[in-house]
1. Being closer than 28 Å to Ser335 by Cβ and either of a type in the set (Val, Ile, Thr) or out of contact with any Asp or Glu (no Cβ under 7 Å at 6 or more places or on another chain) (or both), is that true of even one residue in the range 233-250?
2. Within the range 34-57, which residues are surrounded by fewer than 20 Cβ atoms within 10 Å (Cβ to Cβ), modelled with pLDDT under 85 and charged (D, E, K, R)?
3. Residues that are touching an Asp or Glu at 6+ places or on another chain (Cβ under 9 Å) and farther than 15 Å from Gly169 by Cα: list the strands (runs of 3 or more DSSP E) wholly contained in the range 64-151 that include at least 3 such residues.
4. Inside the range 255-280, can you point out the residues that are within 18 Å of Met209 (Cα to Cα) and either under 19 Å from the mean Cα position of the chain (by Cα) or surrounded by 19 or more Cβ atoms within 10 Å (Cβ to Cβ) (or both)?
5. Suppose the filter is touching a residue at least 12 places away in the same chain (Cβ under 8 Å) and either among the charged types (D, E, K, R) or surrounded by fewer than 23 Cβ atoms within 10 Å (Cβ to Cβ) (or both); does Leu146 pass it?
6. Within the range 168-194, which residues are closer than 27 Å to Ile317 by Cβ and modelled with pLDDT under 80?
7. If you check Gln228 against the conditions, is it more than 20 Å from the chain's Cα centre (by Cα), surrounded by 15 or more Cβ atoms within 10 Å (Cβ to Cβ) and under 19 Å from Glu21 (Cβ atoms)?
8. Inside the range 298-319, can you point out the residues that are part of a helix (DSSP H, G or I), of a type in the set (D, E, K, R) and surrounded by fewer than 20 Cβ atoms within 10 Å (Cβ to Cβ)?
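The values are calculated or read from the model by the stated rules, or taken from the named source; none is laboratory data. These figures come from a predicted structure and were not determined experimentally. Please note: Cβ atoms are built from the backbone with ideal geometry, for glycine as well, and neighbour counts cover all protein chains shown.
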Amino acid sequence: MDKIQHQTRPVFPFTAIVGQEEMKLALILNVIDPKIGGVMIMGDRGTGKSTTIRAIADLLPKIEVVSEDLFNSHVSDYDLMSDFVKQQLQEGVSIPSEFIKVPMVDLPLGATEDRLCGTIDIEKALNEGIKTFEPGLLAKANRGILYVDEVNLLDDHLVDILLDSAASGWNTVEREGISVRHPSRFVLVGSGNPEEGELRPQLLDRFGMHAEIRTVKDPSLRVQIVEQRSKFDSDPYSCIEEFQDTQKQLKDAIIFAQSRLHDVTIDYDLKVKISQICSILNVDGLRGDIVINRAAKAFAAYNDKHEVMIEDIKQVIILCLRHRLRKDPLDTIDSGTKVSQVVNDILG
């Protein structure tokens, strides 16, 4: 109990969250394989979006980083390492490391491009020949989670920068001919309320998954959610202790899934069926096909399987496709139902 109370700020346990299974699954799969491309969570206000996202970050195992590095550089993976650390390694310098909690970075709505990307001190560079870089949020988020609440209200230019960094894993800042590049590989999580406007389709398509959440209608379930929250607010540490075992089980399941992800295979016939579904639904580009393959593998690994089965695809495909369908104002059914109908026709 004492050990738990050393946390600076208690975080609501992920396994204590009632309902919202779609959102929880999307977050878990993106943590298992960040290359899925992040999650867009759209839903009503007050449905626990922020609580759930903070809870998944708190659940994750600590990561090893180079000590006092601005970019949470990995000690051995070149793709997750800053140029300065690479240079030190090549020179044979011994690099100290430490374990830190997975970074969870919030992007405020009023953020500027400099706050997001970082800034170069031009004066110092010109006068003293020293490249001084003040890291931004993209540097802090490397190897962690970057959360953008109300992403549909964020300036489109900033959303473009975010999505480019999330896709390439790098952030490049250029000022007056001086350039600084650093790793920026993170799970991008956006949330928003559809009443406040939709994201442009080309930006929406860049999110790997799209989870829709609704206010719980069942009165007994609502009571359970309210009681769970009240219990946490009145005594957070006993609530955290109560869910310690289930939290550990989930953490172990995620670590195990991450370790076996590379061994999971998907049959060629199933790949063809996935592409057939995307084709029938007129999904633009091939991003949908790629994301479904990745998500199905992550789901199979999470369920301790070596091979993707039809059920695994069915569990993830709506999350991967519902935001990629072309909007037809005359449609009477929502995109999730449309995907479901085609999936049942093709996969049975």
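1. First, the residues of the range 233-250 that are closer than 28 Å to Ser335 by Cβ: none.
Scanning the range 233-250, I find no residue that is closer than 28 Å to Ser335 by Cβ and either of a type in the set (Val, Ile, Thr) or out of contact with any Asp or Glu (no Cβ under 7 Å at 6 or more places or on another chain) (or both), so the answer is no.
2. Asp44, Arg45 - these are the residues of the range 34-57 that are surrounded by fewer than 20 Cβ atoms within 10 Å (Cβ to Cβ), modelled with pLDDT under 85 and charged (D, E, K, R).
3. Values: elements: 97-100, 104-106, 118-120, 133-135, 145-149.
The strands (runs of 3 or more DSSP E) meeting that bar are 97-100, 118-120, 145-149.
4. Ile274, Ile277, Cys278
5. Working: touching a residue at least 12 places away in the same chain (Cβ under 8 Å): yes; either among the charged types (D, E, K, R) or surrounded by fewer than 23 Cβ atoms within 10 Å (Cβ to Cβ) (or both): no.
Criteria not met by Leu146.
6. Taking the range 168-194 first, the residues closer than 27 Å to Ile317 by Cβ are 168-169, 185-194.
Across the range 168-194, the qualifying residue is only Pro194.
7. Values: more than 20 Å from the chain's Cα centre (by Cα): yes; surrounded by 15 or more Cβ atoms within 10 Å (Cβ to Cβ): yes; under 19 Å from Glu21 (Cβ atoms): yes.
Judged against the criteria, Gln228 is a match.
8. Residues of the range 298-319 that are part of a helix (DSSP H, G or I), as a first pass: 298-302, 310-319.
Filter once more, so that each one left must be of a type in the set (D, E, K, R): 311-312, 314.
Matches in the range 298-319: Glu311, Lys314.
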